[in-house]
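The structure appears below as structure tokens.
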Amino acid sequence: MLSDEERQELRELPEVRETHKLFDKMRIDLEKLHGQLSSYKKSIPSNQFLRQVVQRKREPADPNNVKKLEMTGARLAATSTIQSMKKFSGSLEADPSNSKVRIEMVSDFLRKGAHEGVLQYRDAFMLSMMEADDLILNTEKLRLAMKAQKIYLGHLLFFLQDDLHIQKQDKESKADFIALANHIKYLKEVIKILPYHNFDTKESIEMDKKKLLKLNRAQHEEILSPILEGISALPMASKNKSVLVEVLEETKKSIPLSGYYLSRFYRRTAQINLIGTMTGDKEQAKTTVENLSKSMRAIMETLPMMKKATRKDLSPTVREFALICLMVYQYLPKLGGSLNSDHFKRMEHAKKLLTRIHDERGVSTLQQQLHNAIEYVKTKPIQAPDRGRKSREEREAAEAVPTFFKGDVPEERDFKSNKDEKEVQSNIFSRNLPKDKEF
């Protein structure tokens, strides 16, 4: 049972105050951790002997460290009931750059922390992200960060639900009650869409950009694919993502699967952004549209390479093309955009491409969904155009409509309908988000 002081402290956390922006808010704290470590590394000499002398002469730790998130895990050690946390924190105080100790600290906490609180799990998650979010991709660190994220988000959800019950009893304002209820709904959807991915390989894989660029097609599937799954499930992993995107952009012309991975990565990111729009966040809507655009562009650039592709390359690429087509069809109008005839041509083309892998599980379902959408548009009555004079606001809104879905479609296109898209439904979540599993 939380005391009033502990409950108030948790209410002041940025991700509790603005849960629909939790990853953006927590990323600020993550950048502070990176900044602390960077400052420390700059302060010590490069010479090993001098470095040891400096470390021995370091000033005592700031007593305020136990009250704030800090790279040595001082607050976690001070507030946790797990005795080993103090030992790990002491080692990190002696050498804050000791990555191995920090990983062991988080791992030990996750193993033994069944009865720990929200704040302790938050610190453990942030320390794990400090290690995982790096320019060198490490599967062991990614795995640990995903596990810590899953557990922390679960505890955060439990706290918000409990706090909602407390607010009902205390008769808080209706506005606060509605906001908190929306935050809970948002967090539930986020937890659903960010699965924990356990890498198949028992040995840790560590690679920088140079090594990743040297991977061949088979290694892309074996190594890059699981790494992509891990990074896609960690919205705060900005350094990891920048490396991954650069590698995929540079290899997509020589390795067809790179374009597929890039499209899937942006589509997964758009799904997370999309959930944020349920709270009325216009910035999230804008970011969703941008990521949908990037996903579509990546897969469209890959399709011409599928004419002579193997089944291993063709199958995931065609499925991804169909999925992003359906996602754009379902959600773009609800985000303030509009669909033109070019996009329906893409849907028709996706439907035809799926016939090349028609014997695979779930393909018939995808084809049927595309067929239903296309038939609806073909049979929908054309509305008479509005000849009235538009206001300045209407003209500005029209000019702001995204046009990134215009463009040529690969071969085999013969869709003729230019009719309007399905009317926008009032609730953006009236349909399930597209899943990222194989159909």
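The values are calculated or read from the model by the stated rules, or taken from the named source; none is laboratory data. All values reported here derive from a predicted model rather than from experimental measurement. Glycine gets a Cβ as well: all are built from the backbone with ideal geometry, and neighbour counts include every protein chain shown.
Figures for the structure shown
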quantity: Hits in region 363-372 - residues which are over 22 Å from Ala298 (Cβ atoms) and either in contact (Cβ under 8 Å) with a residue 60 or more places away in the chain or of a type in the set (Gly, Ala, Ser) (or both); calculated: Ser364, Thr365
quantity: When residues of region 335-347 are limited to those that are more than 21 Å from the chain's Cα centre (by Cα) and in a helix (DSSP H, G or I), the one surrounded by the fewest Cβ atoms within 10 Å (Cβ to Cβ); calculated: Ser341
quantity: Filtered residue count, region 98-125, keeping only those that are closer than 18 Å to Gln36 by Cα, crowded, with 19+ Cβ neighbours inside 10 Å and of a type in the set (S, T, N, Q); calculated: 0
quantity: In region 346-360, the residues that are within 10 Å of Leu303 (Cβ to Cβ) and not aliphatic (A, V, I, L, M); calculated: Arg346, His349
quantity: Lys286 being farther than 15 Å from Met327 by Cβ, basic (Lys, Arg) and either at pLDDT below 90 or not in a helix (DSSP H, G or I) (or both); calculated: no
quantity: Among residues of region 121-174, those that are part of a strand (DSSP E or B) and either within 20 Å of Phe109 (Cα to Cα) or of a type in the set (S, T, N, Q) (or both), counted; calculated: 1
quantity: Residue identified as under 19 Å from the mean Cα position of the chain (by Cα) and surrounded by fewer than 19 Cβ atoms within 10 Å (Cβ to Cβ) among Leu164, Leu135; calculated: Leu135
quantity: Whichever residue in region 203-227 is modelled with pLDDT of 85 or more and not in a helix (DSSP H, G or I) and, among such residues, is nearest to Pro256 (Cα to Cα); calculated: Asn216
quantity: When residues of region 263-312 are limited to those that are among the basic types (Lys, Arg) and farther than 17 Å from Leu248 by Cβ, the one nearest to the chain's Cα centre (by Cα); calculated: Lys286
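Conditions (1) crowded, with 22+ Cβ neighbours inside 10 Å; (2) more than 28 Å from Gln368 (Cα to Cα); (3) touching a residue at least 24 places away in the same chain (Cβ under 8 Å), marked per residue:
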site: Glu250; (1), (2), (3): no, yes, yes
site: Ile255; (1), (2), (3): yes, yes, yes
site: Phe265; (1), (2), (3): yes, no, yes
site: Thr269; (1), (2), (3): no, no, yes
site: Ile275; (1), (2), (3): yes, no, yes
site: Thr288; (1), (2), (3): yes, no, yes
site: Arg311; (1), (2), (3): no, no, yes
site: Phe321; (1), (2), (3): yes, no, yes
site: Met327; (1), (2), (3): no, no, yes
